[in-house]
Amino acid sequence: MSVVKGIAMQWRNSEDRYGTVAQFLHWAMFAVIVLQLIGGQVMDELPKKTAIRGFAYDAHETLGFVLLGLVFLRLAWKIANPAPADTGPTWQRLAARAAHGLLYALLVAIPLAGYVMVVAKGHDAAFFGWDVPSLLGKDEALGKLAKSAHEWLANLLIAIVAVHAGAALWHHLVARDGVLRRM
């Protein structure tokens, strides 16, 4: 444990609390998800063939790759650092594990569907201004299918994040069991 300006920092997870690294990855992913969901709604409203629209798409693609990287970092950290001990009744622990598993699956599937959508439509995917190699040829039908999947999965993510946040608030405000304070 280290001390920064009088605040004890616990880098690794303990039995009753997530460490600083897990907390940073959690909240960084949350911030990127919020930006992505807002950006996904705003991008299509921007005037076609303008610099701002091109920038918005490039930023959305870049943040998609960043989010994918954060997911894999978080999963690696989770493997190396087991989460604090589960609390609550068995049904709550099982529901929490299922929701977390679904969140991770969506956070991999959505960026991958976005990548497939972009390259199947014949565009280059962007990562901080660089073109990401295209692993697929142009295929309009696949592009449309990937676009539908990308949007449908993003809407499902909104619902699961809302349930996740609602459960955290319920634990904090109703159950008062300290679950939210662990993160």
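The values are calculated or read from the model by the stated rules, or taken from the named source; none is laboratory data. Predicted model only: the values in this text are computed from it and were never measured. Neighbour counts are summed over all protein chains in view; Cβ atoms, including those assigned to glycine, are modelled from backbone coordinates with ideal geometry. Areas reflect the complete protein model, heavy atoms only, side chains present, ligands, DNA and RNA absent. Shrake-Rupley method; radii C 1.70, N 1.55, O 1.52, S 1.80 Å.
Just one of the numbered conditions (1) among the small types (G, A, S); (2) surrounded by fewer than 14 Cβ atoms within 10 Å (Cβ to Cβ); (3) at pLDDT below 95 is not true of G122: (3).
Selection of the stretch 137-183 for residues being outside any helix (DSSP H, G or I), of a type in the set (D, E, K, R) and farther than 30 Å from G54 by Cα yields R176, D177. Looking across L112, L107, L94, one residue alone is assigned to a helix (DSSP H, G or I), under 16 Å from Q36 (Cβ atoms) and open to solvent by 70 Å² or more (accessible area, probe 1.4 Å). It is L112. Kindly indicate the residue of the stretch 40-58 that is out of contact with any strand residue (DSSP E or B) (no Cβ under 8 Å at 6 or more places or on another chain) and surrounded by 17 or more Cβ atoms within 10 Å (Cβ to Cβ) and also nearest to F127 (Cα to Cα) among those meeting that condition. Per the criteria, the residue is A56. Note on the stretch 147-181: residues that are closer than 17 Å to M29 by Cα and either among the small types (G, A, S) or at pLDDT below 85 (or both) total 6. In this structure, does A31 turn out to be assigned to a helix (DSSP H, G or I), over 22 Å from L145 (Cα atoms) and touching a residue at least 40 places away in the same chain (Cβ under 8 Å)? No, not satisfied. Which of the residues belonging to the stretch 133-166 are β-branched (V, I, T) and more than 13 Å from the chain's Cα centre (by Cα)? The answer is V163, and nothing else. Of the set (1) at pLDDT below 95; (2) surrounded by fewer than 15 Cβ atoms within 10 Å (Cβ to Cβ); (3) not polar (S, T, N, Q), all apply to K78 but (2). In the stretch 115-131 there is at least one residue matching the filter, namely being hydrophobic (A, V, I, L, M, F, W, C), farther than 30 Å from T20 by Cβ and without any contact (Cβ under 8 Å) to a residue 12 or more places away in the chain.
Count of the stretch 123-136 residues, restricted to those that are in a loop (DSSP other than H, G, I, E, B) and touching a helix residue (DSSP H, G or I) at 6+ places or on another chain (Cβ under 8 Å), is 6.
Yes or no: L67 open to solvent by less than 40 Å² (accessible area, probe 1.4 Å), in contact (Cβ under 8 Å) with a residue 40 or more places away in the chain, closer than 22 Å to W152 by Cα and in contact with a Leu (Cβ under 8 Å, 6 or more places away or on another chain)? Yes, satisfied.
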